Amino acid sequence: MLVLAILFGIQLIVSGIFSFVNAFAADESGGMRVWNVILGLLGIVVGLYAVRHIIVSVVALALLIGIYWVAYSIAQIYGAIAHHDLPHRGWMGFIGALSVLAGLIVISWPGPSLVTLAIVLGIWLIIYGIMEIALAIRVRSEIGHIRHAVTSPA
């Protein structure tokens, strides 16, 4: 659980930095820019708290993650609604709605949610790793095809 608290803290710090930078780098409306600044600062503060107070923050971290998850999901739903030209915006809104629900569950039951999050994160990282390996194999194959096409006489 301690490692989980540190990893989530680092993830929130990085996510917060990206949201904060995105507020000034992206061509967004004033409201979305302010929301990204708030999300960025919230992510950084929550992440620093989690890394600094590891023992105290294990259950509190679940609550803070739940709050952050709800806030981030609301921004995701808003993005799906506001950007009509966004591809797959229906899915983005649907996933945002599911994430709001998941965040509320984490806020309601922080202890059991942390154990569940650890299991889900572990499963996700295994799946993500398999997907990365498959992608690397495909890219390597495509590079071989390109290399063959370039070196073969026409």
Pairs, please: C-beta under 7 Å, at least 6 apart or cross-chain, first residue more than 22 Å from G40 (Cα to Cα) and in segment 76-95, second surrounded by fewer than 16 Cβ atoms within 10 Å (Cβ to Cβ)? R89/H83
Looking at L42, L64 in this structure, which one is modelled with pLDDT of 90 or more, crowded, with 18+ Cβ neighbours inside 10 Å and within 30 Å of G111 (Cβ to Cβ)? L42
Single residue of S57, S99, S73 found to be under 21 Å from V115 (Cα atoms), polar (S, T, N, Q), under 14 Å from the mean Cα position of the chain (by Cα) and not in a loop (DSSP other than H, G, I, E, B): S99
Would you please list the contacts, defined by Cβ atoms under 7 Å and residues six or more apart or on different chains, that run from a residue in segment 1-24 that is part of a helix (DSSP H, G or I) to a residue that is surrounded by fewer than 16 Cβ atoms within 10 Å (Cβ to Cβ) and among the aromatic types (F, W, Y)? none
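The values are calculated or read from the model by the stated rules, or taken from the named source; none is laboratory data. Note that this is a predicted model, so its numbers are computed, not measured. All Cβ positions, even for glycine, are placed from backbone atoms using ideal geometry, and neighbour counts span all protein chains on display.
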